[in-house]
There are 2 protein chains.
Amino acid sequence: MDFMKPETVLDLNNIRQALQRMEDTIIFYFIERSQFFTCPSVYKKDVFPIPKFDGSFLDWLLSQHEKIQSQVRRYQAPDEYPFFPEIVQPSFLPKVNYPPVLASYADEININKNVLKVYVDNMVPGISSGSGDQMENLGSAAMADIDALQSLSRRIHFGMFVAEAKFRNETEKFTKLIKNKDIKGIDKAITNTAVEEKILKRLLEKAKTYGVDPTLKFTQHIQNKVKPEVVVKIYKDYVIPLTKKVEIDYLMRRLEDEETT
Amino acid sequence: MDFMKPETVLDLNNIRQALQRMEDTIIFYFIERSQFFTCPSVYKKDVFPIPKFDGSFLDWLLSQHEKIQSQVRRYQAPDEYPFFPEIVQPSFLPKVNYPPVLASYADEININKNVLKVYVDNMVPGISSGSGDQMENLGSAAMADIDALQSLSRRIHFGMFVAEAKFRNETEKFTKLIKNKDIKGIDKAITNTAVEEKILKRLLEKAKTYGVDPTLKFTQHIQNKVKPEVVVKIYKDYVIPLTKKVEIDYLMRRLEDEETT
């Protein structure tokens, strides 16, 4: 997949390959996060007074990282969406002239607020190695959170490429569903249960393989990393449904663009 | 290992376990970096004019990240050393009162300039998936560099804990070597060839295991990630020797502390 060549981006095989590669990244960041406790103080407002900032420790750290990274064009890339769009800065690098692939409103579809909430409420407890704060590890835990969140966000917003490819493959069918505001019908049209089951099976294998030092496999000293079934559950309950939400949000507006172009 | 409990930090078994766990992190960041080309523009000065900054694109991005992360106490931790010490900021978080484990001059031992040089000159060419710039991936390559560099730096500076533990176990022997400024003798005393060979064997297994999607293992479509023998060579030629350099630098000053306490 090459974002400079739109035809490669809208090839469903390439999209699936990219999503498959992202699984490795996401699992690995979960494994990194699993070194720490839940660290609830990271996610609560006002535990630590932060100068000139209203939000949690993680909000501060994540927004500061986005501020830096926006200056090297992170959020100009068609597959990156910020958690704090209001903090995005201009870049000192020359602009990359990405050829348009998605509809013009794509940048307005950003469900990172959901991603953040679901991550903190539902993923962190399953991934962490214990409950409670470890005061000297708050920064490390939050740094691992940022990596995990950014990779989850990318995966979930990739749904727009899936949606655009599907729309172009079956334009007539989707046009009808969208005109009828048939969300259930769209949901059905974008769901491929066999593919989803294959993803979950693959995740189980990957999490088992990447989560254990291979040279310790046959000894008693297996390291405690993230539980493979937790990774599967996170994908089943949150990653896949949120990706579909992005697909549906994107498709519901897809005729706006047809009207204007 | 718990930095609040010095006896756990100076236990050589705990140190080895921590170093072993870091291998997974380092290999994984290499795998992430292997998605991109060498991208030489990232490492050269003056390719892109950066406002109010004299250095490469990577220098800018890394120093900005350190500036943020220092504010959440990253460089107060005894196992973290900045690449740009001059940019470190005070933290708004309460100070963690780490009990002293290392000698008082430990913060002055920082070989990150070497780490950065060796990484750019000798590691990036081996890890990257191709030669040359990919203009739209410079930011992504540099972000992967930062993760790899920070994990390498932590691993290499961990040599100080190794050195301190060895000094305490064999104080008399090391005192004599240090007094005689016998660098060769110290090098010999801290070298355990059997352990080093075990590390390299384990790295080969890990890089093979983590670098391939396990569900594709028996098909033709194996993804091209980082070459296992490259990871082994990097450890053999750079990571292990640089860790030893840290150990020696630390030990050579070790009697200063004895005199003052």
GNM flexibility winner over chain B from B:A207, B:A103, B:A77 (Cα, springs under 10 Å): B:A77
The stretch A:112-239 - charge dipole about Cα centre, Lys and Arg +1 at Cβ, Asp and Glu -1, debye rounded to 20: 620
Accessible surface buried upon B-A contact (total; probe 1.4 Å; Å², nearest 100): 4100
10 Å Cβ neighbours from other chains, averaged over peptide A:204-216: 5
Built amide H within the under 5 Å cut-off of B:D133, gap 5+: B:C39
Cβ-derived FRET efficiency at R0 30 Å, B:Q17 paired with B:T215, nearest 0.05: 0.50
Max mean-square fluctuation residue, GNM over chain A, Cα-Cα springs under 10 Å, options A:K52, A:K113, A:K233: A:K52
3J(HN,Hα) from dihedral phi, the stretch B:79-94, Karplus parametrisation 6.51/-1.76/1.60, rounded to Hz, x for glycine, proline: 10, 10, 10, x, 7, 10, x, 5, 9, 4, 10, x, 9, 8, 8, x
Chain A shape via C-alpha gyration tensor axes, a/c threshold 1.5: oblate
Cβ-placed point charges (K, R +1; D, E -1), dipole of the protein assembly as shown about Cα centre in debye, nearest 20: 1060
Computed helical MRE - 222 nm, the protein assembly as shown, DSSP H runs ≥ 4 contributing -39500 (n - 2.57), nearest 500: -16500 deg cm²/dmol
Net charge dipole size for chain B [Lys, Arg +1 and Asp, Glu -1 on Cβ; Debye, nearest 20]: 540
Label point 7 Å beyond Cα along the C-beta direction, distances from A:I87 to other copies (nm, shortest first): 1.7
Max mean-square fluctuation residue, GNM over chain B, Cα-Cα springs under 10 Å, options B:P100, B:P125, B:P82: B:P100
Folded to 0 to 90 degrees: helix B:240-252 orientation relative to chain B principal axis, Cα: 30
Spatial separation of Cα centroids for the stretch B:2-48 and the stretch A:135-166, in angstrom: 21
Angle in degrees between helix A:138-157 and the longest Cα principal axis of chain A, rounded to the nearest 10: 20
³J(HN,Hα) computed for each position of the stretch A:110-119 - Karplus, 6.51 cos²θ - 1.76 cosθ + 1.60, integer Hz, glycine/proline x: 8, 10, 5, 4, 5, 4, 4, 5, 5, 4
Charge dipole of the stretch A:6-259 about the Cα centre (unit charges at C-beta), most positive-ward option of A:P214, A:Q64, A:Q35: A:P214
Principal-axis tilt of helix B:193-210 within chain B, Cα atoms, nearest 10 degrees: 30
HN-Hα J in Hz across the stretch A:50-58 - Karplus 6.51, -1.76, 1.60, θ = phi - 60°, x for Gly and Pro: 9, x, 6, 8, 10, x, 7, 3, 5
Other-copy label distances relative to B:K184, 7 angstrom Cα-Cβ extension, nm: 8.5
R0 of 56 Å, Cβ-Cβ distance B:R168-A:N192: FRET efficiency to nearest 0.05: 0.40
Cα-Cα pairs of the protein assembly as shown separated by more than 37 Å (percent): 32
Gain in span if fully extended, A:N114 to A:N180, counting 0.36 nm per residue against the direct Cα distance: 21.1 nm
Pseudo-label separations to other copies for A:Y105 - Cα-to-Cβ vector, 7 Å, nm: 6.6
Whole-number D in µm²/s for the stretch A:28-151 (Stokes-Einstein; Kirkwood sum over Cα pairs; 37 °C, 0.692 mPa s): 209
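The values are calculated or read from the model by the stated rules, or taken from the named source; none is laboratory data. From a predicted model like this one, the values you see are computed outputs, not experimental measurements. When we count neighbours, we look across all protein chains shown, and the Cβ atoms used for this are built from the backbone with ideal geometry, even at glycine. Each accessible area value is taken on the protein alone, full model and side chains, heavy atoms only, with ligands, DNA and RNA left out. Shrake-Rupley method; radii C 1.70, N 1.55, O 1.52, S 1.80 Å.
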